[in-house]
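Input: a single structure, listed below in structure tokens.
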Amino acid sequence: MQYPSRTVFLDPDNLSTIVEDGKLGDPKRLSKFVRLLRPDITDTSALVLFEIKPDNEEGLKEARQQAGRYLAALNGAVEPDKKLKGGTGFEGSLFLEFENGGALWQLSWRTPEPGVTLYRWSYRREKPHASWKERAAQKEEALPKEEAEQRGEMAEQAIRAAYEKGEWPNGFQGQVYLPVDCH
């Protein structure tokens, strides 16, 4: 959304689709199994790829392995001048406020190494009559598991609606505060 002139593929687009529709080369050069692999974000204009996982040791290891596998497969099928690499500089955060001032969630992401983007959710306790900026300045805490399970799907739908200017999920009463550079 941030770069509308670029050609960007998101999971569930597979490697075959990315190579063909991204005009990178011949998708028939990908093995039958490899064609079905689905990287999280592939920008064929900037020739970069990102694999997104939770911000922990296991997530880092898994993202590193998957990004490496996807890049090796793609670069074996693309034209020599269209080789891809791991993307960098993908960092930021956004806030989700539920119930018009009830819960305040934060989604943060960072790219500690090329091609690897790690994300985490955090939470701010309810503080009556405080603005979202005041609450955002509060100490962050781990998001309670029960709340994550209860509101996780609605959070994803609300974020998509905010970025894509789509329909808001039923029952969502609150705001999504996007990073300034996303508009």
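The values are calculated or read from the model by the stated rules, or taken from the named source; none is laboratory data. This one's a predicted model, so the numbers in the text were calculated from it and none came from an experiment. All Cβ positions, glycine included, derive from the backbone under ideal geometry; neighbour counts span all protein chains shown. Each accessible area value is taken on the protein alone, full model and side chains, heavy atoms only, with ligands, DNA and RNA left out. Shrake-Rupley method; radii C 1.70, N 1.55, O 1.52, S 1.80 Å.
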- Task: Of all residues in the stretch 117-131, count the ones that are within 18 Å of Gly102 (Cα to Cα) and either of a type outside the set (Phe, Trp, Tyr) or open to solvent by 70 Å² or more (accessible area, probe 1.4 Å) (or both).
- Result: 10
- For the stretch 131-155, pairs from a residue that is basic (Lys, Arg) to a residue that is open to solvent by less than 90 Å² (accessible area, probe 1.4 Å), with Cβ under 7 Å and 6 or more apart or across chains, are Arg135/Leu104; Arg135/Arg124; Arg151/Phe98
- Task: Identify all residues within the stretch 134-155 that are over 13 Å from Phe98 (Cα atoms), surrounded by 14 or more Cβ atoms within 10 Å (Cβ to Cβ) and at pLDDT below 85; write none if there are none.
- Result: Ala136
- Task: Would you tally the residues in the stretch 71-93 being open to solvent by 30 Å² or more (accessible area, probe 1.4 Å) and out of contact with any strand residue (DSSP E or B) (no Cβ under 8 Å at 6 or more places or on another chain)?
- Result: 6
- By residue number, the members of the stretch 170-183 that are farther than 23 Å from Arg110 by Cα and exposed (fewer than 15 other Cβ atoms within 10 Å of the Cβ) are Asn170, Gly171, Gln173
- Can you give me the number of residues within the stretch 32-47 that are at pLDDT 95 or above and open to solvent by 60 Å² or more (accessible area, probe 1.4 Å)? 4
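Output the residue which, of all residues in the stretch 99-116 that are of a type in the set (D, E, K, R) and closer than 20 Å to Asp43 by Cβ, is least open to solvent (accessible area, probe 1.4 Å). Full working, then the answer.
The initial filter retains those residues of the stretch 99-116 that are of a type in the set (D, E, K, R), namely 99, 110, 113.
Narrowing the set further to residues that are closer than 20 Å to Asp43 by Cβ leaves 110, 113.
Details: Arg110: 100, Glu113: 51 Å².
Selected residue: Glu113.
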- Subset of the stretch 146-176 (residues that are among the hydrophobic types (A, V, I, L, M, F, W, C) and either assigned to a helix (DSSP H, G or I) or farther than 19 Å from Ser122 by Cβ (or both)): Ala148, Met154, Ala155, Ala158, Ile159, Ala161, Ala162, Trp168, Phe172
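Does the stretch 128-142 hold any residues that are under 15 Å from Ser108 (Cβ atoms), in a loop (DSSP other than H, G, I, E, B) and of a type outside the set (Asp, Glu), and which are they? Give the steps one after another, and end with the answer.
First pass over the stretch 128-142, keeping only residues under 15 Å from Ser108 (Cβ atoms): 136-142.
Still in the list and also in a loop (DSSP other than H, G, I, E, B): 137-140.
The answer is Ala137, Gln138, Lys139.
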- Inter-residue pairs, beta-carbon under 6 Å, first under 20 Å from Phe90 (Cβ atoms) and in the stretch 1-17, second at pLDDT below 95 and hydroxyl-bearing (Ser, Thr, Tyr), 6+ apart: Met1/Tyr163
- Across the stretch 1-41, what is the number of residues that are touching a Gly at 6+ places or on another chain (Cβ under 7 Å) and under 13 Å from Ala73 (Cβ atoms)? 2
